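Asks: Sharing a structure, written as structure tokens. Questions coming.
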Amino acid sequence: MATTADLLPEAVDAVVVGAGFAGLYALHKLRQQGLTVRVFEAAPDVGGTWYYNRYPGARCDVESVDYCYSFSDDLQQEWTWTEKYATQAEILRYINWVADKLDLRRGITFNTRVTSAVLDEDSLRWTVTTDTGAVVCARFCLMATGPLSAALTPQFAGLNGFGGRIYHTADWPHEGVDFTGRRVAVIGTGSSGVQSIPIIAEQAEQLYVFQRTPNYSVPAGNRPLSAEDVAQVKATYAERRRLSWQSGGGSPHVAHPKLTMEVSDEERRAAFEKRWQLGGVLFSKTFRDQMIDSRANEEARKFYEEKIRAVIDDPDVAELLIPSDHPIGTKRICTDTNYFQTFNRPDVELVSVRRTPITSIDADGINTSDAHYDVDTIVLATGFDAMTGALGKMEIAGRGGETLNDDWRDGPRTYLGLGVDGYPNLFVVSGPGAPAVLANMVLHAEAHVNWIAGCIRHLDDHGYTAIEATKEAVDEWGAELARRAEATLFTKADSWYMGANVPGKPRVFMLFIGGFGVYLDICAEVADAGYKGFALLKAD
Ligand code: FAD
Ligand code: NAP
């Protein structure tokens, strides 16, 4: 016969939702601190982003040697990356290796989606419910649900009636897809499209690329890492990480010391060229004023345009592929290998859905306003309901039964991206209100988890039950985020940073734009000042 104890939910100190880079480190760190922790993960295994995004060409766009945990020198010395930008498969192998090494799996319940987290205001504890019926009661809730984990599928008329196969880049089949002999449509030309298109083109009989907004993409310059490269990084990791923690984006590269227009034309060009050779997304940080000053940005854009025009054979195609609607860098710059050259192939056609919108999909393919494209495979590289999508799928109910979805109706409200008023002891990891996707996300996850762990220790050392952001601090942080964003060019783009890619989503710049190092200093100051802007609480 079941006893009362059997019917009570499992009680733990902390529930962590998600087993990507962030959730895994949270489990390790909090466990080390002596807390009991239960992780719930919707997927069958660890990895998060790198579990799901198995599309051809998927790689990191932050250098592999930086895009990995820094908290253990043993880990970073023992693991050896083989390429400048690691493939999805190698990153997933790394995450699995860490999970095994730190014995993390026994703390994770897989194939289990958290459906709700509800606060009990008397005890200040959370009841976390899942789709398998498992229920856990916890003092702390860490939402490590990922800023880019809720895939977005546009509601094209007739999509469900398509007779061929449909794949989303963020939910790619584990066995892979062989495009040989297929007539393929890729919809979307963000980072996922830009990485996958050249490889799909090599296999497919015919590829149509449906582009709505052209994106800036800079060649990755990917290459194998030599034994000397690896040895050099390993010998200097401490310094590399020190620079990364202080930097604007969590990588050790430093912008040119002068402003764009302070230097001669030759010096400016040389600086852009040097960054171009470094490869990828960091091109937007060649000079530190590039994302603030339109004239500086225009210099970078002109350099970019020249480079891209030089590799595209057909000037009309080049015209379509080169962005003109947003300053360079205000959407994440894509990092590619032979993306633009792919459009020189006779079996690849670019379709501008800005000029001729997709009107419907039927059994045989895609209809635009002026043509029918006969395809047997559609790849949706259409992105994510970013930053808030995964959080919004759960019912998170705080004080007075208010839900996060209601409270965030006009856009996310947080203090430091970490806490929310009305939701004591609920922490968001790498979500809105923080630099998050503007930084190297592995270091960002470590930084957030370290701060949360320190905060929990402070509560315990001083006999507090809970911590809760004050409404004033949340309002002020929101104003601070907006003030900083408005001082830059970022608000000039219809980006997913602004929620612009999701119909009906409030248009708010959701990230802290002031730089990773600056943000970490602010978080440290708040903690050092006894968690200024938070109320420290004792349960009745
Ligand atoms: P995720 O890895 O997204 O993990 C979140 C986990 O939470 C997922 O496994 C999900 O299943 C789980 N989850 C969500 N909701 C629930 C729920 N209700 N119940 C249970 N489980 C749930 N960033 C960089 O800094 N550099 C890069 O090079 C880079 N490349 C990227 C490439 C791609 C293709 C994508 C999509 C993103 C990339 N990013 C990159 C961003 C990337 O998301 C982060 O770097 C990082 O992997 C995020 O880790 P995370 O643990 O915060 O979230
Ligand atoms: P994304 O940048 O949001 O791109 C989605 C693409 O789909 C855009 O081109 C978008 O056009 C298009 N699209 C969306 N809805 C459409 C519709 N209804 N009709 C036609 N086109 C439509 O998504 P993503 O490429 O998956 O990348 C998201 C983020 O993940 C990146 O910015 C990056 O942070 C990360 N990422 C990184 C890498 C890497 O290199 N390491 C790789 C993949 C992803 P519009 O622009 O017009 O909306």
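Asks: Hey, can you tell me all the residues within region 351-376 that are in a strand (DSSP E or B) and within 27 Å of the chain's Cα centre (by Cα)?
Replies: S352
Asks: Can you name every residue in region 504-516 that is surrounded by fewer than 19 Cβ atoms within 10 Å (Cβ to Cβ) and not basic (K, R)? First the steps, then the outcome.
Replies: Quick first cut of region 504-516, residues surrounded by fewer than 19 Cβ atoms within 10 Å (Cβ to Cβ) only: 504, 506-507.
Within region 504-516, G504, P506 meet the criteria.
Asks: Among helices (runs of 4 or more DSSP H) lying entirely in region 22-101, which contain 2 or more residues that are within 15 Å of ligand 2 (Cβ to nearest atom) and within 23 Å of A439 (Cα to Cα)?
Replies: Details: elements: 49-52, 73-78, 88-101.
So the answer is 49-52, 88-101.
Asks: Just need a number here: residues in region 117-131 that are more than 24 Å from A445 (Cβ to Cβ), surrounded by 14 or more Cβ atoms within 10 Å (Cβ to Cβ) and within 16 Å of ligand 1 (Cβ to nearest atom).
Replies: 3
Asks: Shifting gears a bit: Test T169 against the criterion of being within 16 Å of ligand 1 (Cβ to nearest atom) and under 30 Å from L119 (Cβ atoms), and give yes or no.
Replies: Details: within 16 Å of ligand 1 (Cβ to nearest atom): yes; under 30 Å from L119 (Cβ atoms): no.
Against the criterion (within 16 Å of ligand 1 (Cβ to nearest atom) and under 30 Å from L119 (Cβ atoms)), T169 does not qualify.
Asks: Among the listed residues A466, A447, A493, A439, identify the single one that is away from ligand 1 (no atom under 16 Å from the Cβ), out of contact with any strand residue (DSSP E or B) (no Cβ under 8 Å at 6 or more places or on another chain) and not charged (D, E, K, R). Break it down stepwise before answering.
Replies: Details: A466 fails: out of contact with any strand residue (DSSP E or B) (no Cβ under 8 Å at 6 or more places or on another chain); A447 fails: away from ligand 1 (no atom under 16 Å from the Cβ); A439 fails: away from ligand 1 (no atom under 16 Å from the Cβ).
So the residue among A466, A447, A493, A439 that is away from ligand 1 (no atom under 16 Å from the Cβ), out of contact with any strand residue (DSSP E or B) (no Cβ under 8 Å at 6 or more places or on another chain) and not charged (D, E, K, R) is A493.
Asks: Another question, then. From the list G193, G188, G146, which one is assigned by TED's automatic domain parsing to the domain that holds A493 and within 13 Å of ligand 2 (Cβ to nearest atom)? Give the steps one after another, and end with the answer.
Replies: On the way: G193 fails: assigned by TED's automatic domain parsing to the domain that holds A493; G188 fails: assigned by TED's automatic domain parsing to the domain that holds A493.
Sole residue among the options that is assigned by TED's automatic domain parsing to the domain that holds A493 and within 13 Å of ligand 2 (Cβ to nearest atom): G146.
Asks: On to the next question. Which one is farthest from F509 (Cα to Cα) among residues in region 388-427 that are in contact with a helix residue (DSSP H, G or I) (Cβ under 7 Å, 6 or more places away or on another chain) and assigned to a strand (DSSP E or B)?
Replies: Here the residue is I396.
Asks: Please enumerate the residues belonging to region 428-464 that are under 17 Å from R139 (Cβ atoms), of a type in the set (A, V, I, L, M) and part of a loop (DSSP other than H, G, I, E, B).
Replies: V429
Asks: On to the next question. Could you say which residue among Y67, Y55, Y51 is within 8 Å of ligand 1 (Cβ to nearest atom) and touching a His at 6+ places or on another chain (Cβ under 9 Å)? Lay out the reasoning, then the answer.
Replies: Numbers: Y67 fails: touching a His at 6+ places or on another chain (Cβ under 9 Å); Y51 fails: touching a His at 6+ places or on another chain (Cβ under 9 Å).
The unique qualifying residue is Y55.
Asks: Among the residues of region 322-348, how many are over 17 Å from Q277 (Cα atoms) and part of a helix (DSSP H, G or I)?
Replies: Number satisfying all stated conditions: 4.
Asks: Specify the residue that is surrounded by the most Cβ atoms within 10 Å (Cβ to Cβ); the eligible residues are those in region 200-224 that are within 16 Å of ligand 1 (Cβ to nearest atom) and under 15 Å from E83 (Cβ atoms).
Replies: Among them, the one singled out is A220.
Asks: Using the structure shown, decide if A138 is in a strand (DSSP E or B) and within 27 Å of P9 (Cα to Cα). Spell out the reasoning first.
Replies: Details: in a strand (DSSP E or B): yes; within 27 Å of P9 (Cα to Cα): yes.
Here the answer is yes, as A138 does meet what is asked.
Asks: Next question. Identify, please: which residue in region 177-192 is assigned to a loop (DSSP other than H, G, I, E, B) and surrounded by 10 or more Cβ atoms within 10 Å (Cβ to Cβ) and is, among those, farthest from ligand 1 (Cβ to nearest atom)?
Replies: The qualifying residue farthest from ligand 1 (Cβ to nearest atom) is G181.
Asks: Please give the number of the condition N111 fails out of (1) closer than 18 Å to T145 by Cα; (2) within 12 Å of ligand 1 (Cβ to nearest atom); (3) buried (at least 16 other Cβ atoms within 10 Å of the Cβ).
Replies: Going through (1) closer than 18 Å to T145 by Cα; (2) within 12 Å of ligand 1 (Cβ to nearest atom); (3) buried (at least 16 other Cβ atoms within 10 Å of the Cβ) one by one, N111 breaks only (3).
Asks: Kindly evaluate I396 against the criterion of being among the hydrophobic types (A, V, I, L, M, F, W, C), in the same structural domain as F490 (by TED's automatic domain parsing), at pLDDT 95 or above and within 16 Å of ligand 1 (Cβ to nearest atom). Show your work before the answer.
Replies: Values: among the hydrophobic types (A, V, I, L, M, F, W, C): yes; in the same structural domain as F490 (by TED's automatic domain parsing): yes; at pLDDT 95 or above: yes; within 16 Å of ligand 1 (Cβ to nearest atom): yes.
It is true that I396 is among the hydrophobic types (A, V, I, L, M, F, W, C), in the same structural domain as F490 (by TED's automatic domain parsing), at pLDDT 95 or above and within 16 Å of ligand 1 (Cβ to nearest atom).
Asks: Are any residues in region 143-157 in a loop (DSSP other than H, G, I, E, B) and either within 6 Å of ligand 1 (Cβ to nearest atom) or under 13 Å from A445 (Cβ atoms) (or both), and if so, which ones?
Replies: Within region 143-157, the first condition is being in a loop (DSSP other than H, G, I, E, B), and the residues that meet it are 144-150, 152-157.
The answer is A144, T145, G146, P147, L148, S149.
Asks: Restricting to region 54-85, count the residues that are over 18 Å from G249 (Cβ atoms) and hydrophobic (A, V, I, L, M, F, W, C). Walk me through how you get there before you give the answer.
Replies: If we filter region 54-85 for residues that are over 18 Å from G249 (Cβ atoms), which is where we start, we get 54-58, 71-83.
Next, from what is left, pick out any that are hydrophobic (A, V, I, L, M, F, W, C): 58, 71, 75, 79, 81.
The number of residues fulfilling the criteria is 5.
Asks: On to the next question. Can you go through S294, S324 and tell me which one is closer than 20 Å to I513 by Cα, surrounded by fewer than 17 Cβ atoms within 10 Å (Cβ to Cβ) and among the hydroxyl-bearing types (S, T, Y)?
Replies: Working: S324 fails: closer than 20 Å to I513 by Cα.
Within the list S294, S324, the selection yields S294.
Asks: For region 254-271, what are the residues that are among the small types (G, A, S) and part of a helix (DSSP H, G or I)?
Replies: Within region 254-271, the subset among the small types (G, A, S) is 255, 264, 270-271.
Correct list: A270, A271.
Asks: Moving on. Condition first: hydrophobic (A, V, I, L, M, F, W, C) and out of contact with any strand residue (DSSP E or B) (no Cβ under 7 Å at 6 or more places or on another chain). Now tell me which residues in region 191-248 satisfy that. Quick ask: steps written out before the conclusion?
Replies: To start, the set of residues in region 191-248 that are hydrophobic (A, V, I, L, M, F, W, C) comprises 194, 197, 199-201, 204, 207, 209-210, 218, 220, 225, 227, 230-231, 233, 235, 238, 243, 245.
Across region 191-248, the qualifying residues are I199, A227, V230, A231, V233, A235, A238, L243, W245.
Asks: Under the condition of being modelled with pLDDT under 95 and in contact with a strand residue (DSSP E or B) (Cβ under 9 Å, 6 or more places away or on another chain), which residue from region 498-540 is nearest to A473 (Cα to Cα)?
Replies: The qualifying residue nearest to A473 (Cα to Cα) is K538.
Asks: Please work out if L259 is free of Cβ contacts under 8 Å to residues at least 40 places away in the same chain, touching a strand residue (DSSP E or B) at 6+ places or on another chain (Cβ under 9 Å) and within 16 Å of ligand 1 (Cβ to nearest atom).
Replies: Working: free of Cβ contacts under 8 Å to residues at least 40 places away in the same chain: yes; touching a strand residue (DSSP E or B) at 6+ places or on another chain (Cβ under 9 Å): yes; within 16 Å of ligand 1 (Cβ to nearest atom): no.
So L259 does not fit the description; no.
Asks: Go through region 277-321 and report how many residues are farther than 22 Å from K84 by Cα and outside any helix (DSSP H, G or I).
Replies: 12
For every residue, the table says whether it meets (1) among the hydrophobic types (A, V, I, L, M, F, W, C); (2) within 16 Å of ligand 2 (Cβ to nearest atom); (3) within 30 Å of A466 (Cα to Cα).
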position	(1), (2), (3)
T342	no, yes, no
L350	yes, yes, no
T356	no, yes, no
A363	yes, no, no
D370	no, yes, no
M387	yes, yes, yes
A390	yes, yes, yes
N405	no, no, yes
D410	no, no, yes
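Asks: Output the qualifying pairs, or none if there are none: Cβ atoms under 6 angstrom, residues six or more apart or on different chains, first residue in region 183-205 and closer than 13 Å to Y339 by Cα, second residue within 14 Å of ligand 1 (Cβ to nearest atom) and acidic (D, E).
Replies: V194/D336
The values are calculated or read from the model by the stated rules, or taken from the named source; none is laboratory data. None of these values were measured; they are calculated from a predicted model. Here Cβ is always computed from backbone atoms with ideal geometry, including for glycine, and neighbour counts include all displayed protein chains.
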